[in-house]
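These notes are about the structure you will find just below.
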Amino acid sequence: MLVAGLDIGSRTIALVEWDGGRVRRAEVVDTGADPLSNALTLIQGRAYDRLVATGYGRYLAAERALADEVITEIKAYAIGAHHLYPDVRTVLDVGGQDSKVILVDPNGRVVRFEMNDRCAAGTGRFLENMARALGLRVDQFGEHALAAEGESVQISSVCTVFAESEVVSLIGRGEDSRCVALGIHRAIARRLGAMVRRVGVRERFVFAGGVAHNPCLRRLLIEELGVSLTVPPSPQTVGALGAALYAAKQIERGNGRWKHGDHSGRTGFTLSSTGHPDPRRVAGR
Amino acid sequence: MEEYRAMWERLGINMRRHDMLLEALPAVYEKVYLSQQRRPQAMGYFDFVVSEIHGLRVKELMDHKDKGGKVFGTFCVYVPEEVIVAAGGIAVGLCGGADFSVPTAEQVLPRNLCALIKSAFGFKLGRICPYFQAADLIVGETTCDGKKKTWEILDEYIPTYVMDLPNSRTSADRALWISELQRFVRKVEEVTGNSITAENLAEATRLINRKRAALQRLFEVRKARPAPISGLDALLVTQISFYDDPARFTEKTNELCDELEARVQAGEGVAPPDAKRILYTGTPMPIPFWTVPLLIEGAGAVVVAEESCTGTRLVAGGETPVRDTSIEDQLIAIADRQLQTNCACFTPNDGRVDDILRMVEEYEVDGVIHFSLSFCQPYNLEAVRVQKALQEAGVPVLVLEGDYTEEQAGRLRTRIEAFVETL
Ligand code: SF4
Ligand code: SF4
């Protein structure tokens, strides 16, 4: 058996191939401006018994017949995290565009979840923008903040628009950039902490998604939530792994394709403000 | 539709904007409605009504007006259709459900207002909605703050009368509401030039009772497993009840129920018997806002009931006792029935939580989705208590908030699908 899970996120696309016993291949590429062709390149020349797509681009994959089935990233992360750590109870996934916290039961089933996807605060995008405002790359940002020697500088706004100008004026006032960076991390950790507490904090607590690479945020979340965090070796592929495992499960169960409702064409139509349905959605039929 | 252009022009419709709206509708309707599987045959009538939404029904209103009849635009089930009908008037519900007119409204109204108000106001401001254009009087009511203050602004564009609806249910509140119904009787008499009598009010009450009984029958048959009708189709029927001719609507809804009851007898349905059964609760879903049931049913579940004013709250309080002894007696009966409508604008409003818990049992519900329009304080706040009560009862619940935009549909989609996956 060779199945695959494809997680098309706003920032990255992750692919995991699973042969029924182990991961055969795991890869992460940038989503870029053309997610579909980047996803196609990833799976080119491969033949899978089943491919399950997840992430916010999952329908793109399904509509172009790349995927046999789609599941939400909530379910995918729960399955993936439960496979890696059978005693997991809470999964926090902070991605580029959204963040979510998932409470799972001992069998890896989703009990409750919370999502934030309406504002950038509490997502990777916030960190990216703030790093840029300080003239740093996002992968340097956490280390930079950890190097702060003084107190962190209080950031009053977690709205990207306001926070960006706040940061610029703090630097202009001569604040140490590392202390400002620490303040930014504190603000986002508080924000994430509030979301996590709405579903409840239980251990084992797995922190996944691209932002889990950030060492400063990891440390602040431990303080904020009073738990120890487990960060998977490859935090960005947990969703793709979950999707692949789900694909394998479906084959074992002998389930046909498109069991999970029929998503092929019925997208959420409302009248857009121009009066025309979004052509990208219409094209999917 | 060409034959209606002269009528629309006469109504002062902004034709360019109106054309844009009408062009978009068929494709959307096809995707959302006509692509559904195993639809009841009797939905054909309701499809027809939608296809003629700005045509035939508006023409009926215009013919009515040409004969000296009056049209009343309303926004709340507390505005008594019985009184309007008794005086020979026609009531049409004007709640807006399209994002199309929201940007227009935001030229005047603040942005942080629920989409229902903005959509409706934008239809008037942009002269896009023929129902609004045809209305002789708008009847508002003091429910939420958003509506209350919007009436003051709307009155500058179209005569708007406001009923003082109490926000509680004490005996003093009841007395106030009865007196408000009396004041409304006088207003309707003044606008129509017809007098309301004990007889015609009793007759109108019978007519509206029949319409509500047909809706009640529809809600009743949906308790069956497998579900005989999709939540999308049932919602459409309740949406159409707000502006269709009451007698014809009653007849067509009863025909639909005949078919659905036969389906139940034969053990047939629109969804597999094991499809997850969802109860919708929250703010009304005015036409053409179909996103929530569309996403729920797209995820393989089925909506079996809506605890909302586009749902079972339409039949709250059951049949209105017919009292032809005096106008006053009939108004009291109407008030007492209406005050059993458990709207979040009331406090306390524990009856709504009871209704939801009862419906979870009656409809064998697997999960409840509470949806509230963003910036709707009454429903957003009441969601807190609804969620708590359901959690205590061990019923899975998802609390959502949103508006009519495409972006929101995308946001809601992942949540709804993930919720259905957990059931
Ligand atoms: S939700 Fe409340 S305010 Fe709205 S129509 Fe119903 S009763 Fe009226
Ligand atoms: S949805 Fe809420 S805010 Fe909007 S009109 Fe109804 S009660 Fe008022």
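The values are calculated or read from the model by the stated rules, or taken from the named source; none is laboratory data. Note that the coordinates shown come from a computational prediction; the quantities given were computed from them, not determined experimentally. Neighbour counts run over all protein chains shown; Cβ positions are idealised from the backbone, glycine included. These area figures cover heavy atoms from the full protein model, side chains too; ligands, DNA and RNA do not enter into them. Shrake-Rupley method; radii C 1.70, N 1.55, O 1.52, S 1.80 Å.
Scan A:LEU103, A:LEU92 and give me the residue that is in contact with a strand residue (DSSP E or B) (Cβ under 8 Å, 6 or more places away or on another chain), away from chain B (no Cβ under 12 Å) and not in a loop (DSSP other than H, G, I, E, B). Steps first, answer last, please.
Values: A:LEU103 fails: away from chain B (no Cβ under 12 Å).
Of A:LEU103, A:LEU92, the one residue that is in contact with a strand residue (DSSP E or B) (Cβ under 8 Å, 6 or more places away or on another chain), away from chain B (no Cβ under 12 Å) and not in a loop (DSSP other than H, G, I, E, B) is A:LEU92.
Taking region B:64-83 as the range and being within 16 Å of ligand 1 (Cβ to nearest atom) and either open to solvent by 30 Å² or more (accessible area, probe 1.4 Å) or in contact with a strand residue (DSSP E or B) (Cβ under 8 Å, 6 or more places away or on another chain) (or both) as the test, the residues that pass are B:PHE72, B:GLY73, B:THR74, B:PHE75, B:CYS76, B:VAL77, B:TYR78, B:VAL79, B:GLU81. Only a single criterion out of (1) within 16 Å of ligand 1 (Cβ to nearest atom); (2) outside any helix (DSSP H, G or I) is not satisfied by B:LEU314, namely (2).
Conditions tested, residue by residue: (1) buried (at least 22 other Cβ atoms within 10 Å of the Cβ); (2) without any contact (Cβ under 8 Å) to a residue 40 or more places away in the chain; (3) at the interface with chain A (Cβ under 9 Å from one of its Cβ atoms); (4) not in a loop (DSSP other than H, G, I, E, B).
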position	(1), (2), (3), (4)
B:GLY351	no, yes, no, yes
B:GLU361	no, yes, no, yes
B:PHE375	no, no, no, no
B:ASN380	no, yes, no, yes
B:VAL384	no, yes, no, yes
B:GLN391	no, yes, no, yes
B:VAL399	no, yes, no, yes
B:LEU412	yes, no, yes, yes
B:ARG415	yes, yes, yes, yes
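Take the residues of region B:279-301 that are hydrophobic (A, V, I, L, M, F, W, C) and farther than 30 Å from B:LEU21 by Cβ: which is farthest from the other protein chains (Cβ to nearest Cβ)?
Applying the first criterion (hydrophobic (A, V, I, L, M, F, W, C)) to region B:279-301 yields B:279, B:285, B:287, B:289-290, B:292, B:294-296, B:299, B:301.
Still in the running and farther than 30 Å from B:LEU21 by Cβ: B:279, B:301.
Values: B:LEU279: 18, B:ALA301: 8 Å.
Only one residue tops the list, namely B:LEU279.
Note on region B:247-305: among residues that are part of a loop (DSSP other than H, G, I, E, B) and within 16 Å of ligand 1 (Cβ to nearest atom), the one that is surrounded by the most Cβ atoms within 10 Å (Cβ to Cβ) is B:PHE289.
Quick check: anything in region B:22-32 touching a helix residue (DSSP H, G or I) at 6+ places or on another chain (Cβ under 8 Å), buried (at least 18 other Cβ atoms within 10 Å of the Cβ) and outside any helix (DSSP H, G or I)? So far as region B:22-32 goes, no, none of its residues is touching a helix residue (DSSP H, G or I) at 6+ places or on another chain (Cβ under 8 Å), buried (at least 18 other Cβ atoms within 10 Å of the Cβ) and outside any helix (DSSP H, G or I). Here the condition is being open to solvent by less than 40 Å² (accessible area, probe 1.4 Å) and either within 16 Å of ligand 1 (Cβ to nearest atom) or under 18 Å from the mean Cα position of the chain (by Cα) (or both); of B:LEU61, B:LEU109, B:LEU113, it holds for B:LEU113 alone.
For region A:109-137, give me the residue count where each residue is open to solvent by less than 10 Å² (accessible area, probe 1.4 Å) and more than 15 Å from the chain's Cα centre (by Cα). So the answer is 2.
Within region B:53-79, how many residues are within 16 Å of ligand 2 (Cβ to nearest atom) and within 14 Å of chain A (Cβ to nearest Cβ)?
So the first thing to find is which residues in region B:53-79 are within 16 Å of ligand 2 (Cβ to nearest atom), and the list is B:73-79.
Filter once more, keeping what is within 14 Å of chain A (Cβ to nearest Cβ): none.
The number of residues fulfilling the criteria is 0.
Within region B:321-344, is even one residue on the phi > 0 side of the Ramachandran plot, within 16 Å of ligand 1 (Cβ to nearest atom), open to solvent by less than 30 Å² (accessible area, probe 1.4 Å) and not in a helix (DSSP H, G or I)? Among the residues of region B:321-344, not one is on the phi > 0 side of the Ramachandran plot, within 16 Å of ligand 1 (Cβ to nearest atom), open to solvent by less than 30 Å² (accessible area, probe 1.4 Å) and not in a helix (DSSP H, G or I), which makes the answer no.
Mind listing whichever residues of region A:27-73 are of a type in the set (Lys, Arg), over 16 Å from the mean Cα position of the chain (by Cα) and open to solvent by less than 20 Å² (accessible area, probe 1.4 Å)? If you could, list the steps in order and put the result at the bottom.
Narrowing region A:27-73 to residues of a type in the set (Lys, Arg): A:46, A:50, A:58, A:64.
After this cut, where a residue has to be over 16 Å from the mean Cα position of the chain (by Cα) as well, the list is A:46, A:50, A:64.
Result: A:ARG50, single match.
Among residues of region B:102-122 that are at negative phi and of a type in the set (Phe, Trp, Tyr), those with a Cβ under 8 angstrom from a residue that is open to solvent by less than 30 Å² (accessible area, probe 1.4 Å) and away from ligand 1 (no atom under 14 Å from the Cβ), sequence gap 6+ or separate chain, pair up as B:PHE121/B:SER101; B:PHE121/B:ALA105; B:PHE121/B:LEU109; B:PHE121/B:LEU154.
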